[in-house]
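Read the structure below first, then the notes.
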Amino acid sequence: MIITKRLAAGACALLAALAVGLTPASAADEPSKDSPKVELVLDVSGSMRARDVDGQSRMSAAQQAFNEVIDAVPSGVRLGIRTLGADYAGDDKATGCRDSKQLYPVGPVDRTDAKTAVATLRPTGWTPIGYALRGADQDLGTDGGTRRIVLITDGEDSCGQPDPCDVARELAAKGTHLTIDTLGLAHDDKTREQLSCIAEATGGTYTSVQHKDELSGRIKQLVRRAEKPVETPKPTEGASECSKAPDLGAGIWTDREKFSEHRWYRVSVKPGQELRAAVSVGADRAVDRDYGVLLRAVTEGGQELVRGSDAGSGRTDVMSSGLRYPIGEKKDDKKPRTVCLEVSSSFSAPPSVKRDPGLPVELAVDLVKSPDNPSDLAAFGLGRGWVLLAVLAVTGLLAGLVWGWVSRWRVAVWRAN
């Protein structure tokens, strides 16, 4: 009887194990209703036939990039795909400007189905970006989770109404936590300006893409960012001098800086903390060659503590720089220090380029535990001057003593022989 019961129990356990084993491995990993949602909006208009992306057409490069992205979608992200300009090849503008449809529904990704759908696309019609953005917003729904649209296009909207920038502002005003990122496969000023405007309206990013690897890499990055959303930047307004500057804490801050302008901000740093700051200045309009960005940490009295800078030439979307400044901890000194951060850039532009509003600035501030010996550290990982001098002096002294001893020993041996 006991044996029979044990056999029955063993059979039940075996069946349970088989049931678990037969359950699809992905079931436990499927996104929940509160998981992030991303919709990729792909331009399939006729201009995507152009063969200027690594020797292949823009459409082929986009399809290959999408296949790589589909393979890399995190298990916790719900992904969808919408097209614009994929079906109507005629001349009727009213029809062409409504040519947008959802190619793959937002949800858990069946990689085979998604890739098959993408493979059927052929460059066809118009570029109704504004209309497609409204459709993508509806596709994402409002059932919870963060919402992100990634727009990939090779040109500006060819319909005019609805205006894509107005649509982006309209969607942002709805307060549904929607972010639109834009990727441009064309590099003319009008496309750049429109895509920058769309992204800026929702706190997203604009990226100019010239190679397939850049395209797939950037989309993957944005999809991963949706899974682990970054902190929402907070607006601030820098001052013309440190004494009037706003006090910033740890976080990401946004501002505007006009050409040749200097913006100041204040950060309170406690003893035992290290200030880490990074700034990015975006070139959201046509600028001249040769430019740079400077970030300085200064005391309230005007003494420079440390600086970070970068420079470039030619066309760019953004310039960045950063710095680190540790404050040592002393038993009898717990008073926070005020560090003034100065942001300036050397961007310039032709007279025809608008000056207002200023260039977009993003300033990231972090306060972390300072290293054990901050006085022995410099902002870029090198020893401070007096430390290096002492090390070199001691090393030279020891080397001289050893060399002198070896020389005397060799002379003594020579004389003995």
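The figures follow:
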read-out	value
Residue in the stretch 173-190 that is buried (at least 16 other Cβ atoms within 10 Å of the Cβ), touching a helix residue (DSSP H, G or I) at 6+ places or on another chain (Cβ under 6 Å), farther than 29 Å from His211 by Cβ and not polar (S, T, N, Q) present	no
Candidate set: the stretch 91-119, residues that are over 28 Å from the mean Cα position of the chain (by Cα) and β-branched (Val, Ile, Thr); chosen: the one surrounded by the fewest Cβ atoms within 10 Å (Cβ to Cβ)	Thr112
Filtered residues of the stretch 119-158 (kept if part of a loop (DSSP other than H, G, I, E, B) and either of a type in the set (A, V, I, L, M) or closer than 22 Å to Thr207 by Cβ (or both))	Leu121, Pro123, Thr127, Pro128, Thr146, Asp154, Gly155, Glu156, Asp157, Ser158
Selected residue (criterion: modelled with the lowest pLDDT) from residues of the stretch 33-59 that are among the hydroxyl-bearing types (Ser, Thr, Tyr) and surrounded by fewer than 23 Cβ atoms within 10 Å (Cβ to Cβ)	Ser35
Scan of the stretch 80-121 for residues that are basic (Lys, Arg), in contact (Cβ under 8 Å) with a residue 40 or more places away in the chain and in contact with a helix residue (DSSP H, G or I) (Cβ under 9 Å, 6 or more places away or on another chain), ordered by number	Arg82, Arg111, Lys115
Scope the stretch 160-172; condition in a loop (DSSP other than H, G, I, E, B) and farther than 19 Å from Leu183 by Cα; matching residues	Gly160, Gln161, Pro162
Out of Thr95, Thr127, Thr120, sole residue that is touching a Phe, Trp or Tyr at 6+ places or on another chain (Cβ under 8 Å) and over 22 Å from Val223 (Cα atoms)	Thr95
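The values are calculated or read from the model by the stated rules, or taken from the named source; none is laboratory data. Everything numeric in this text was worked out from a predicted model, so none of it was measured. Glycine gets a Cβ as well: all are built from the backbone with ideal geometry, and neighbour counts include every protein chain shown.
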